Amino acid sequence: MDELAELKEKFIIEMGKYEKENLAELVKRTMNFCVVDKSGKVVITFKRLTDKEQIKIALIARFLASELTKGNIPREVTAEELVLSLKQKKSIIAARLKEIKDEGDAERLSRGTYTITSYKLTKMLDELEKKILSKK
């Protein structure tokens, strides 16, 4: 195999295979902040996060739970679900969701329904982990 063919093999990847290899690592990292019950409710276990950070980790967790369950747990999260999970006022949840969307870290699918911008997931986890380490 010539050099270009080898590089092509390494550089042009099957996205599904690439994502599956990283899924276990991403789940382990996310478990430092939360878990997801079988109904899809995100339970925050790391309490020293801001409202915005809790919403980000909830979006990440639902995305990963959806991947693990092959869609049995929906990847999208509604503002109402976040109100129940995070025990916060709907106006606060809505404001933080808008900020997260405006920053490009989430996508609004319909009114009050959001999902994580998947290509930013690792960067968001890096930022949250950095915060944890800086507080230790």
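A short reminder: the numbers here are calculations on the coordinates, not readings from a lab. Being a predicted model, the structure only gives us computed values, none of them experimental. Here the Cβ positions follow ideal geometry from the backbone for every residue, glycine too, while neighbour counts run over all protein chains shown.
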Among segment 35-62, those whose backbone N falls under 16 Å of a label point 7 Å along Cα→Cβ from Lys98 are 52
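Could you tell me the calculated FRET efficiency between Lys87 and Ile12, based on Cβ-Cβ distance and R0 = 41 angstrom, to the nearest 0.05?
Details: r = 46 Å, r/R0 = 1.12.
Efficiency computed from Cβ-Cβ geometry: 0.35.
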Inter-part gap, Cα centre of segment 19-82 to Cα centre of segment 114-136, in whole angstrom, is 12 Å
Most exposed to least, judged by fewest other Cβ atoms within 10 Å, Leu7, Leu133, Leu128 sort to Leu133, Leu7, Leu128
Going residue by residue through segment 95-111, the Karplus relation 6.51 cos²θ - 1.76 cosθ + 1.60 with θ = phi - 60° gives ³J(HN,Hα) values, rounded to whole Hz and with x marking Gly or Pro, of 5, 5, 4, 4, 4, 5, 5, 5, 7, x, 8, 9, 10, 8, 8, 7, 4
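Using the Cα centre as the reference, give the magnitude of the dipole from point charges on the C-beta atoms of the chain (Lys, Arg: +1; Asp, Glu: -1; all else neutral), rounded to the nearest 20 debye.
Numbers: 29 positive and 23 negative charges, 201 e Å.
Result for the chain is approximately 960 debye, rounded to the nearest 20.
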Per-residue ellipticity at 222 nm attributable to helices in the chain (runs of n ≥ 4 DSSP H, -39500 (n - 2.57) apiece, nearest 500 deg cm²/dmol) works out to -18500 deg cm²/dmol
Computed ³J(HN,Hα) along segment 112-126: with the Karplus parameters 6.51/-1.76/1.60, θ = phi - 60°, integer Hz and x for glycine or proline, the list is x, 10, 9, 9, 5, 7, 4, 6, 9, 4, 5, 4, 5, 5, 4
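Anything over 23 Å Cα to Cα? Flag those among Lys8/Lys28; Lys87/Lys120; Lys56/Lys98; Lys52/Lys131; Lys8/Lys130, in the order listed. Numbers along the way, then the final one.
Details: Lys8/Lys28 31 Å; Lys87/Lys120 26 Å; Lys56/Lys98 12 Å; Lys52/Lys131 13 Å; Lys8/Lys130 34 Å.
The answer is Lys8/Lys28; Lys87/Lys120; Lys8/Lys130.
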